[in-house]
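Student: Right, I'll just put the structure down here and ask away after.
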Amino acid sequence: MRTTRRRFLIDSMLATVAVAAGCRSGTESASQAPAYLPTSDRTVVQTLPGIPTTDGAGVQLTRVIGQPALRNLDPFLMLDRFHSDDPNAYIAGFPSHPHRGFETVTVMLDGSMRHRDSRGNSGLIRGGGSQWMTAGRGIIHSEMPEQEAGLMSGFQLWINLPAKEKMCPAYYQDLGPERLAESKLSSAGSTVRVIAGTPNGLAGPVRERPTQPTLLTLTLEDDQPFELELPGEHTSFAFVYSGEVDLGPEAKTKKVRAGQLALFSPGKRLRLRATNQRSAVLIAAARPLREPIVQRGPFVMNTEAEIQRAIADYRNGVLDKA
């Protein structure tokens, strides 16, 4: 679903709103606090880089969420960045491996990856497209490069499931580039592509999920500021994967450079501006679950007993059986 919406552009190109604050007069007592009108702008509360790692059959990655400095970001469990034009860094891919208890999302920027799983699903994840897989009670799948040369670039994001959904049937959405919602943001060619959620009314194709996720990419070609509306209570982050971006309200802006993750305070509005160069950003938000997380590699449950059952089910060949 490729969509261009004039309304999205109008909503996004909002002018910065001045924050009004009252001042004490000379007759006020010292104990009186100045009047304050709170805003709902999200500000950057922390930035951090990813760390190099390998996964699968030796694929070279940058781990952003899931590293020692940020084990998880409820409900986000992991964010990996892969980016290389050296086939030796990715060609071995991710041979068959199991999952239970969460969802995996592949965002492919360049290159192509073939998905196959134990339920008979097969699909090609192409540059500009995405794949959303609900592992639920269990699935065994592989993701293998379908190229021998050229750039392979994108992300894999893991999103937790609530306890009541962890043993749901597995489900798979293959989202080709033509299915994502897209809108031009400026005459210079700045573009938003929405995978999940309805930011500023532009609806991504992912079906309704229990964490109510928003997931999108932005390519910024000029310095025009704009704003995204996000659910105020949702956990949110941005990962800058090219250039540099000023994030937050104008009075509290934070410059975030390529390779850095920015974590945000609560709020309904996120302001972005690329001031110096062409930039690109992955933005995600989702409802936190506030439930216990017990993880052993590809299994994420709420208790140790559930993890042991997942391991036993996998060893006994019934992980993905109803």
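The values are calculated or read from the model by the stated rules, or taken from the named source; none is laboratory data. All of these numbers come straight from a predicted model, not from anything done at the bench. For neighbour counting, all protein chains shown are included, and Cβ atoms are generated from backbone atoms with ideal geometry for every residue, glycine included. Areas reflect the complete protein model, heavy atoms only, side chains present, ligands, DNA and RNA absent. Shrake-Rupley method; radii C 1.70, N 1.55, O 1.52, S 1.80 Å.
Student: Within segment 239-262, is even one residue open to solvent by 20 Å² or more (accessible area, probe 1.4 Å), in contact (Cβ under 8 Å) with a residue 12 or more places away in the chain and under 26 Å from Gly138 (Cα atoms)?
Tutor: Looking for residues that are open to solvent by 20 Å² or more (accessible area, probe 1.4 Å), in contact (Cβ under 8 Å) with a residue 12 or more places away in the chain and under 26 Å from Gly138 (Cα atoms), one finds none in segment 239-262, hence no.
Student: A further question follows. Tell me which strands (runs of 3 or more DSSP E) are completely within segment 79-191 and hold 1 or more residues being over 30 Å from Asn316 (Cα atoms), β-branched (Val, Ile, Thr) and open to solvent by less than 20 Å² (accessible area, probe 1.4 Å), or say none if there are none.
Tutor: Here the list reads 102-110, 122-126.
Student: Scan segment 93-114 and report the pairs whose first residue is touching a residue at least 24 places away in the same chain (Cβ under 8 Å) and under 22 Å from Cys168 (Cβ atoms) and whose second residue is of a type in the set (Gly, Ala, Ser) and part of a strand (DSSP E or B), with Cβ atoms within less than 7 Å and a gap of 6+ or a chain change.
Tutor: Correct list of pairs: Ser96/Ser142; Val105/Ser130; Thr106/Ser130; Thr106/Gly154.
Student: Please tell me if Gln277 is at pLDDT below 95 and out of contact with any Cys (no Cβ under 8 Å at 6 or more places or on another chain).
Tutor: Taking the combined requirement at face value, the residue satisfies it.
Student: Oh, and also: For segment 197-220, does any single residue satisfy the condition of being among the aliphatic types (A, V, I, L, M) and assigned to a helix (DSSP H, G or I)?
Tutor: no
Student: Tell me which residues, restricted to segment 214-227, are in contact with an Asp or Glu (Cβ under 9 Å, 6 or more places away or on another chain) and buried (at least 20 other Cβ atoms within 10 Å of the Cβ).
Tutor: Correct list: Phe226, Glu227.
Student: Looking at Arg209, Arg193, can you tell me which residue is more than 30 Å from Asn276 (Cα to Cα), at pLDDT 95 or above and within 17 Å of the chain's Cα centre (by Cα)?
Tutor: On the way: Arg193 fails: more than 30 Å from Asn276 (Cα to Cα).
None of the other options fit; the residue is Arg209.
Student: For segment 266-316: of the residues being of a type in the set (Ser, Thr, Tyr) and surrounded by 15 or more Cβ atoms within 10 Å (Cβ to Cβ), which is nearest to Gly138 (Cα to Cα)?
Tutor: Restricting attention to segment 266-316, the residues satisfying the condition of being of a type in the set (Ser, Thr, Tyr) are 275, 279, 303, 314.
Restricting the remaining residues to those that are surrounded by 15 or more Cβ atoms within 10 Å (Cβ to Cβ) gives 275, 279, 314.
Values: Thr275: 45, Ser279: 38, Tyr314: 9 Å.
If we take residues in segment 266-316 being of a type in the set (Ser, Thr, Tyr) and surrounded by 15 or more Cβ atoms within 10 Å (Cβ to Cβ), then Tyr314 is nearest to Gly138 (Cα to Cα).
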